[in-house]
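Below: the structure, in structure tokens.
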Amino acid sequence: MLQFTSSLKKKVDAKIDEIECSEVSMITKSLEASHVLADAFNRLKEFILSYNFKEEEEEILFFKEVKPKLCYRLIYYRKVYNIEMNRPIGVDKQREYLCEKLNEINTYCTKRLDFIRYYRSGSTHLDSLYFLRGKADPEQYLETFYYELDPNFSTNCDFKIAKILSNDLLSAYLMHEIELLNNNGFKTYSFGFPATKKTWKGTKTELQEQIYAWDSASSFGDVPLTQLYDYIQNVFNIELDGNLSRAFGDLKIRNVPTPFLDKLKNALLKRMGRK
């Protein structure tokens with residue numbers, strides 16, 4: 001299962017990177033990206049419907065981690081497309097419109113704060129209810145789109161995780177667009193990752209240590225850790241462990257807590273001639 005999904009994700013990421021780097025409008029980018037991701041979604045569904053999970057743990061892994069992280073950008077790009085298609089004319093009206101969309105995301109997250117905390121913390125005690133098929137819970141709020149109507153390809157909460165992840169990206173997009181309006185009085189360019197990426201040459205653990213240091217010092221302002229995590233992975237062309245709490249837990253139990261940051265400090269001091 002992981003071999004198929006990893007290969008699919010790698011191909012999709014390459015196509016999305018190519019679209020993001022193209023010199024076209026955000027409307028065109030989001031539409032093209034949506035087509036790529038919808039096709040990947042259908043391929044993923046076709047594979048899973050013919051696949052027998054070896055055990056419940058593998059099924060939970062797929063619906064909790066694998067499927068949402070392959071599908072959240074489909075939600076994101078469709079949202080961006082609709083936002084841009086309905087974007088009004090005039091700076092003040094645009095600002096009001098984008099702030100309204102941002103408030104909708106905040107309202108969504110507030111209503112689902114308990115589940116978001118469950119997911120972000122790496123908790124597992126309710127996984128069998130949330131991420132196994134055939135465990136329908138009438139109390140779970142139905143939030144989906146037409147792709148998710150098949151009970152053989154959905155659980156109570158896998159779409160909810162994808163929605164949370166897409167909202168992280170969408171919040172960053174909206175805040176960026178609002179900032180452009182505030183600074184320039186008009187929209188000058190579309191949000192996207194850098195056209196040229198630099199591949200991280202250190203270890204994944206070293207980069208995680210750096211990201212947590214940035215986040216702890218609020219080096220990028222009031223940006224959620226998940227957004228910073230996703231952005232750095234895209235910028236530096238690397239895939240890190242998606243379980244943030246586990247990654248941080250691994251960092252905390254090391255005998256030397258900050259070896260990479262210590263290495264950077266020593267290298268800088270040496271360059272300054274102070275070591």
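The values are calculated or read from the model by the stated rules, or taken from the named source; none is laboratory data. Treat the numbers as computed from the prediction; the structure is a model and nothing was measured. Ideal geometry is used to build each Cβ from the backbone, glycine not excepted, and the neighbour counts take in all protein chains shown. For accessibility, only protein heavy atoms count, side chains too; no ligands or nucleic acids. Shrake-Rupley method; radii C 1.70, N 1.55, O 1.52, S 1.80 Å.
Residues in region 234-268 that are over 17 Å from Gly202 (Cβ atoms), under 26 Å from the mean Cα position of the chain (by Cα) and open to solvent by 70 Å² or more (accessible area, probe 1.4 Å): Arg246, Phe248, Lys252. If you check Glu57, Glu32 for being open to solvent by 20 Å² or more (accessible area, probe 1.4 Å), in contact with a helix residue (DSSP H, G or I) (Cβ under 6 Å, 6 or more places away or on another chain) and not hydrophobic (A, V, I, L, M, F, W, C), only one passes: Glu32.
Residue by residue through region 35-54, note down the ones that are more than 16 Å from Cys71 (Cβ to Cβ) and either surrounded by fewer than 15 Cβ atoms within 10 Å (Cβ to Cβ) or acidic (Asp, Glu) (or both). Can you show your working first?
Filtering region 35-54 down to residues more than 16 Å from Cys71 (Cβ to Cβ) leaves 50-54.
Listed by number, the residues that qualify are Ser50, Tyr51, Asn52, Lys54.
If the condition is being under 15 Å from Lys69 (Cβ atoms), of a type outside the set (A, V, I, L, M, F, W, C) and outside any helix (DSSP H, G or I), then region 227-242 contributes Glu239, Asp241, Gly242.
Just one of the numbered conditions (1) farther than 28 Å from Ser121 by Cβ; (2) assigned to a helix (DSSP H, G or I); (3) open to solvent by 50 Å² or more (accessible area, probe 1.4 Å); (4) at pLDDT below 95 is not true of Lys69: (1). If you go through region 187-205 one residue at a time, do you hit one that is modelled with pLDDT of 80 or more and part of a helix (DSSP H, G or I)? Yes, region 187-205 has at least one match.
Criterion first (surrounded by 13 or more Cβ atoms within 10 Å (Cβ to Cβ), of a type outside the set (Phe, Trp, Tyr), in contact (Cβ under 8 Å) with a residue 40 or more places away in the chain and in contact with a Leu (Cβ under 7 Å, 6 or more places away or on another chain)) does Arg95 satisfy it? Full working, then the answer.
Values: surrounded by 13 or more Cβ atoms within 10 Å (Cβ to Cβ): yes; of a type outside the set (Phe, Trp, Tyr): yes; in contact (Cβ under 8 Å) with a residue 40 or more places away in the chain: yes; in contact with a Leu (Cβ under 7 Å, 6 or more places away or on another chain): yes.
Spelling it out, Arg95 is indeed surrounded by 13 or more Cβ atoms within 10 Å (Cβ to Cβ), of a type outside the set (Phe, Trp, Tyr), in contact (Cβ under 8 Å) with a residue 40 or more places away in the chain and in contact with a Leu (Cβ under 7 Å, 6 or more places away or on another chain).
Residues that are farther than 26 Å from Leu170 by Cβ, surrounded by fewer than 13 Cβ atoms within 10 Å (Cβ to Cβ) and among the charged types (D, E, K, R) within region 199-233 comprise just one, Lys201.
Tyr146 passes every criterion in (1) at pLDDT 75 or above; (2) exposed (fewer than 15 other Cβ atoms within 10 Å of the Cβ) apart from (1).
Restricting the search to region 1-36, which residues are free of Cβ contacts under 8 Å to residues at least 24 places away in the same chain and of a type in the set (Ser, Thr, Tyr)? Ser6, Ser7, Ser22, Thr28, listed by residue number.
Residues of region 1-10 that are part of a helix (DSSP H, G or I) and over 16 Å from Tyr72 (Cα atoms): Leu2, Gln3, Phe4, Ser7.
With Ser25, Ser30, Ser50 as the choices, which residue is closer than 11 Å to Tyr77 by Cα and polar (S, T, N, Q)?
On the way: Ser25 fails: closer than 11 Å to Tyr77 by Cα; Ser50 fails: closer than 11 Å to Tyr77 by Cα.
Answer to the check: Ser30.
Applying a threshold of 9 Å to beta carbon distances and a minimum spacing of six or more residues, or different chains, the list of pairs starting in region 200-223 at a residue that is in contact (Cβ under 8 Å) with a residue 40 or more places away in the chain and ending at one that is assigned to a helix (DSSP H, G or I) and of a type in the set (Lys, Arg) reads Glu206/Lys263.
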